[in-house]
Amino acid sequence: MAAPTTSAGTVRMTADERRASVIRAAMSEFARGGLHGTSTAAIAKRVGVSQPYLFRLFDDKKALFLATVDYCFTRLRDTFDRAVEGLEGAGAIHAMAHAYTDLLGTEPEFLRMQLQAYVASQDPEYQAPIRACWERLDEQVRVLSGAEGEELTDFFARGMLCNVIAALDLPRERYFSSMKAGAQRVDCARCAAEAAGPPGASAESC
């Protein structure tokens, strides 16, 4: 069925499509300005709607921010789902780590939005729903990999280090060059290729 159009022939978006469009615009604005430094007027302008229409889609700024945080974490969970297809155990952990590194490198707004979510969590009204987003991510990693205890802690700790490396543009080889030998134990073709590369090449191991 063809998408509905206006009398001018342009495609009319459904409410769900418009909500998704607003959330994507909000992610760009919130990632840059944070919860308190971002105006709903700027978000409405970016997506091309009026503020009254924005609040027909979302009850208030809090609802929009939390929907954007949920979108951010859902994107990450979807990325992990795709990364581990056909893998389990250490191989799944390793594949998720590579996928996370790639996401940080290709979508810098994802990192900034994640950090803004943690900042907003100082407010108890925001902390509980944002913590729920993290809990869903934690559970997904456990299910996909079977990891528990120190292995799970190591995975998330390295992910947070990747956040710092990406945010400060630090050289990855300072922290991850020693991972090459361990990476080969899970038969990672990508890490094996990098390990065989020229001395001093940046290690993308996770």
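Going through Ile165, Ile130 one at a time, which residue ends up being part of a helix (DSSP H, G or I) and closer than 21 Å to Leu35 by Cα?
The conditions single out Ile130.
When residues of the range 96-112 are filtered for being acidic (Asp, Glu) and assigned to a helix (DSSP H, G or I), how many remain? Explain how you work it out, then say what you get.
Applying the first criterion (acidic (Asp, Glu)) to the range 96-112 yields 102, 107, 109.
Pick out the ones that are also assigned to a helix (DSSP H, G or I) and you get 102, 109.
Selection size over the range 96-112: 2.
Of (1) part of a loop (DSSP other than H, G, I, E, B); (2) at pLDDT below 90; (3) not aromatic (Phe, Trp, Tyr), Asp16 satisfies all except one. Which?
Among (1) part of a loop (DSSP other than H, G, I, E, B); (2) at pLDDT below 90; (3) not aromatic (Phe, Trp, Tyr), the lone unmet condition for Asp16 is (1).
With respect to the numbered conditions (1) within 21 Å of the chain's Cα centre (by Cα); (2) part of a helix (DSSP H, G or I), which one is the sole condition not fulfilled by Leu54?
Answer for Leu54: the failing condition is (1).
Return the total of residues in the range 95-120 being farther than 16 Å from Thr38 by Cα and polar (S, T, N, Q).
2
Return the pairs, sorted by first residue and then second, in which the second residue is open to solvent by less than 50 Å² (accessible area, probe 1.4 Å) and β-branched (Val, Ile, Thr), the first residue lies in the range 140-168 and is free of Cβ contacts under 8 Å to residues at least 40 places away in the same chain, the beta carbons are less than 7 Å apart, and the residues are 6+ apart or on different chains.
What qualifies is Leu152/Val141.
Checking the structure you have, find out if any residue of the range 99-106 is within 25 Å of Lys62 (Cβ to Cβ) and of a type in the set (Phe, Trp, Tyr). If you could, list the steps in order and put the result at the bottom.
The first filter runs over the range 99-106 and keeps only residues within 25 Å of Lys62 (Cβ to Cβ), leaving none.
Checked the range 99-106: no residue is within 25 Å of Lys62 (Cβ to Cβ) and of a type in the set (Phe, Trp, Tyr).
Kindly indicate whether any position in the range 57-74 is assigned to a helix (DSSP H, G or I), crowded, with 18+ Cβ neighbours inside 10 Å and charged (D, E, K, R).
The answer is yes, given that some residue of the range 57-74 is assigned to a helix (DSSP H, G or I), crowded, with 18+ Cβ neighbours inside 10 Å and charged (D, E, K, R).
For the range 36-51, which residues satisfy the criterion of being assigned to a helix (DSSP H, G or I) and either at pLDDT below 95 or of a type outside the set (Ser, Thr, Tyr) (or both)?
From the range 36-51, those assigned to a helix (DSSP H, G or I) are 36-37, 40-47, 51; that's our starting set.
Within the range 36-51, His36, Gly37, Ala41, Ala42, Ile43, Ala44, Lys45, Arg46, Val47, Gln51 meet the criteria.
Among the residues of the range 36-57, is any under 30 Å from Thr153 (Cα atoms) and touching a helix residue (DSSP H, G or I) at 6+ places or on another chain (Cβ under 8 Å)? If you could, list the steps in order and put the result at the bottom.
Kept after step one, since they are under 30 Å from Thr153 (Cα atoms), are these residues of the range 36-57: none.
Looking for residues that are under 30 Å from Thr153 (Cα atoms) and touching a helix residue (DSSP H, G or I) at 6+ places or on another chain (Cβ under 8 Å), one finds none in the range 36-57, hence no.
Hey, among the residues in the range 133-162 that are among the small types (Gly, Ala, Ser) and in a helix (DSSP H, G or I), which one's farthest from Asp60 (Cα to Cα)? Explain how you work it out, then say what you get.
Start the filter on the range 133-162 by keeping residues that are among the small types (Gly, Ala, Ser), which leaves 145-147, 149, 157, 159.
Imposing the further condition that a residue be in a helix (DSSP H, G or I) reduces the set to 145, 149, 157, 159.
Details: Ser145: 38, Gly149: 39, Ala157: 34, Gly159: 32 Å.
If we take residues in the range 133-162 being among the small types (Gly, Ala, Ser) and in a helix (DSSP H, G or I), then Gly149 is farthest from Asp60 (Cα to Cα).
Return the residue satisfying two criteria in turn: it lies in the range 75-94 and is without any contact (Cβ under 8 Å) to a residue 24 or more places away in the chain and among the hydrophobic types (A, V, I, L, M, F, W, C), and of such residues it is most open to solvent (accessible area, probe 1.4 Å). Walk me through it before giving the result.
Pass one, the range 75-94, residues without any contact (Cβ under 8 Å) to a residue 24 or more places away in the chain: 78, 82-83, 85-87.
If we keep only those that are among the hydrophobic types (A, V, I, L, M, F, W, C) as well, we get 83, 87.
Details: Ala83: 28, Leu87: 80 Å².
Per the criteria, the residue is Leu87.
Looking only at the range 105-122, count how many residues are among the acidic types (Asp, Glu) and in contact (Cβ under 8 Å) with a residue 60 or more places away in the chain. Quick ask: steps written out before the conclusion?
Within the range 105-122, the subset among the acidic types (Asp, Glu) is 107, 109.
Applying the additional criterion that residues be in contact (Cβ under 8 Å) with a residue 60 or more places away in the chain yields 109.
Total satisfying the criteria: 1.
Specify the residue that is farthest from Ser121 (Cα to Cα); the eligible residues are those in the range 50-71 that are among the hydrophobic types (A, V, I, L, M, F, W, C) and free of Cβ contacts under 8 Å to residues at least 24 places away in the same chain.
Here is the first cut: in the range 50-71, the ones among the hydrophobic types (A, V, I, L, M, F, W, C) are 54-55, 57-58, 63-67, 69.
When the remaining residues are screened for being free of Cβ contacts under 8 Å to residues at least 24 places away in the same chain, the result is 55, 63.
Values: Phe55: 23, Ala63: 14 Å.
Among those residues, the one meeting the criterion is Phe55.
Within the range 105-117, track down each residue that is open to solvent by 20 Å² or more (accessible area, probe 1.4 Å) and closer than 15 Å to Phe156 by Cα.
To start, the set of residues in the range 105-117 that are open to solvent by 20 Å² or more (accessible area, probe 1.4 Å) comprises 105-109, 112, 115-116.
Passing the criteria: only Leu115.
The values are calculated or read from the model by the stated rules, or taken from the named source; none is laboratory data. It should be emphasised that the depicted structure is a prediction, and the values quoted were computed from it without experimental measurement. All Cβ positions, even for glycine, are placed from backbone atoms using ideal geometry, and neighbour counts span all protein chains on display. Accessible surface is based on the protein model in full, side chains and every heavy atom, while ligands, DNA and RNA are left aside. Shrake-Rupley method; radii C 1.70, N 1.55, O 1.52, S 1.80 Å.
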